[in-house]
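The values are calculated or read from the model by the stated rules, or taken from the named source; none is laboratory data. Fair warning: this is a prediction, and the values are worked out from it, not measured in the lab. In this analysis, Cβ positions are derived from the backbone assuming ideal geometry, glycine residues included, and neighbour counts consider all displayed protein chains.
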Amino acid sequence: MNKNTLSVTDNRTGKIYEIPIEHGAVPAIDFRQIKESEDDFGLMCYDPSYSNTAACRSNITYIDGDKGILLYRGYPIEQLAEECTFLECAYLTLYGELPTESQLSTFTHGVLRHTMIHENVKKFMEGFNYDAHPMSMLMSTVAALSTYYPESVDVRHEELRTEQVLRIVGQVPTLAAYCYRHRRGLPYNYPDDELGYVENLMHMLWKRTEHKYKPHPVLAKALEVLFILHLDHEQNCSSTTMRTAGSSLADPYVTTAAAIAALSGPLHGGANEAVLRMLDEIGSVNNIPAFIKEVKEGKRRLMGFGHRVYKNYDPRAKMIKRIADEVFEVTGRNPRLDTALELERIALQDEYFVARKLYPNVDFYSGIIYQAMGFNPAYFTVLFAIPRTPGWLAQWEEMLMDKEQKIARPRQLYLGYGHRDVVPMSERAESAVAV
Ligand code: ACO
């Protein structure tokens with residue numbers, strides 16, 4: 001018997017089936033042959049929230065959640081953060097290999113050339129309230145770009161696709177900076193192509209009346225590393241949304257907007273904002289035991305803790321904790337760090353968190369750094385979306401090139417009514433749910 005198979009006995013019929021095992025997985029479609037009777041639809045796999053379902057083959061990012069390992073195209077993020085720039089890593093994620101000097105120069109030129117946005121987009125943004133959430137503004141403006149580049153609907157055209165990828169990677173930081181300035185009522189700063197990718201973002205965010213903005217090198221380096229750590233994270237909620245929306249062959253602008261929407265939620269990228277609000281609410285170290293008690297009673301969650309894949313310390317959180325000290329040397333120490341460190345200390349010793357393997361994730365310390373740099377918590381998730389954009393686009397490209405991929409269309413277990421006839425309104429009983 002072939003050893004790389006799974007033998008399944010259907011106890012309803014007594015029949016035995018051989019299902020092939022490849023790369024540690026069984027094809028879900030092979031279970032469809034398992035039927036109770038001829039007119040049976042066949043067995044389905046029930047997996048709400050895809051806890052144990054691989055929806056694609058991928059060569060981009062590898063995570064070993066038990067060991068706390070994260071690799072982009074095989075390279076450990078610790079080495080990439082130490083030795084490469086964000087754009088080098090974006091190139092690696094998008095095209096599979098680290099660039100040579102000339103490849104990086106062409107890519108950098110391609111991205112920075114696209115940082116300028118259509119003037120009408122500014123008018124469009126003027127319609128947002130001064131206190132509009134920056135993630136909602138970013139999502140809407142990225143979707144609106146679709147109306148400026150109608151040729152992008154041709155997602156099967158390789159050259160056009162490459163052009164849109166460069167444009168989106170180039171324009172998202174500009175839109176993000178405009179969202180930041182809009183909330184402050186400040187004029188938008190046009191991109192400065194003499195600056196690098198991260199330095200240009202800092203210029204668009206923070207330049208006031210000075211003739212030439214000079215980014216602080218320590219803050220620029222910290223942002224660069226934070227961006228590298230946020231670049232990709234395989235099939236998380238937003239990347240899956242990117243692949244799902246893109247599988248209908250929707251254009252990359254609206255598809256990226258869908259991914260931004262998914263990232264904005266507090267259980268995903270929005271957790272960094274939620275962490276800061278939680279730390280503010282806890283206030284002082286003395287209030288931590290009462291807070292932890294509520295978490296253990298299931299009344300709330302310890303935001304920035306826990307992960308679907310990592311059952312060990314998130315390697316990104318480890319590195320971010322180190323960056324904090326360098327940033328605080330420049331900005332001054334964020335007092336919330338003491339509360340965060342004490343929360344972590346208590347949680348890592350507490351049976352509730354130990355038993356559930358809950359460790360700090362990427363969002364636990366990033367907000368404290370961003371706040372020290374002067375960002376408002378509402379903006380933190382935008383700082384996640386900017387570097388995640390090339391990651392989403394790499395996932396999108398891989399999905400489009402994958403011959404096994406079709407439009408995403410899960411099945412359901414229908415548990416509702418069977419057939420029933422409509423009764424006239426005068427004969428209807430009041431339903432339990434009143435609208
Ligand atoms: N605080 C308290 N308890 C938690 C937490 C938490 N942060 N996370 C999980 N748990 C508990 C659950 O209550 C559950 O306990 P139970 O078995 O007694 O019911 C157990 O741990 C397993 O939790 P699940 O919700 O099943 O784990 P899941 O993999 O679905 O969730 C998630 C992962 C969403 C990240 C979760 O840990 C969470 O809500 N964390 C807080 C939000 C957060 O930090 N999100 C950012 C994640 S990183 C990112 O997206 C970039």
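Quick notes on this one:
- Options Val423, Val354, Val382, Val433; residue that is hydrophobic (A, V, I, L, M, F, W, C) and touching a residue at least 24 places away in the same chain (Cβ under 8 Å): Val382
- Residue under evaluation Glu159, criteria (1) surrounded by 14 or more Cβ atoms within 10 Å (Cβ to Cβ); (2) more than 24 Å from the chain's Cα centre (by Cα); (3) outside any loop (DSSP other than H, G, I, E, B), criterion not met: (1)
- Single unsatisfied condition, Gly298 versus (1) within 9 Å of the ligand (Cβ to nearest atom); (2) part of a helix (DSSP H, G or I); (3) small (Gly, Ala, Ser): (2)
- Hey, Glu234 within 30 Å of Tyr62 (Cα to Cα) and more than 10 Å from the ligand (Cβ to nearest atom) or not: yes
- Exactly one residue among Lys299, Lys214 is farther than 30 Å from Ile117 by Cβ, in the same structural domain as Met202 (by TED's automatic domain parsing) and either at pLDDT 95 or above or surrounded by fewer than 16 Cβ atoms within 10 Å (Cβ to Cβ) (or both), and that residue is Lys299.
- Among the residues making up the stretch 319-341, those that are crowded, with 16+ Cβ neighbours inside 10 Å and touching a residue at least 40 places away in the same chain (Cβ under 8 Å) are Met319, Ile320, Lys321, Ile323, Ala324, Val327, Thr331, Arg336, Thr339, Ala340.
- All of Ala259, Ala250 fail the test of being part of a helix (DSSP H, G or I) and either surrounded by 23 or more Cβ atoms within 10 Å (Cβ to Cβ) or out of contact with any Phe, Trp or Tyr (no Cβ under 9 Å at 6 or more places or on another chain) (or both), apart from Ala259.
- Some residue of the stretch 275-285 being surrounded by 20 or more Cβ atoms within 10 Å (Cβ to Cβ), more than 11 Å from the ligand (Cβ to nearest atom) and either under 27 Å from Glu344 (Cα atoms) or at pLDDT 95 or above (or both): yes
- Odd one out for Gly14 among (1) more than 31 Å from the chain's Cα centre (by Cα); (2) closer than 28 Å to Lys403 by Cβ: (2)
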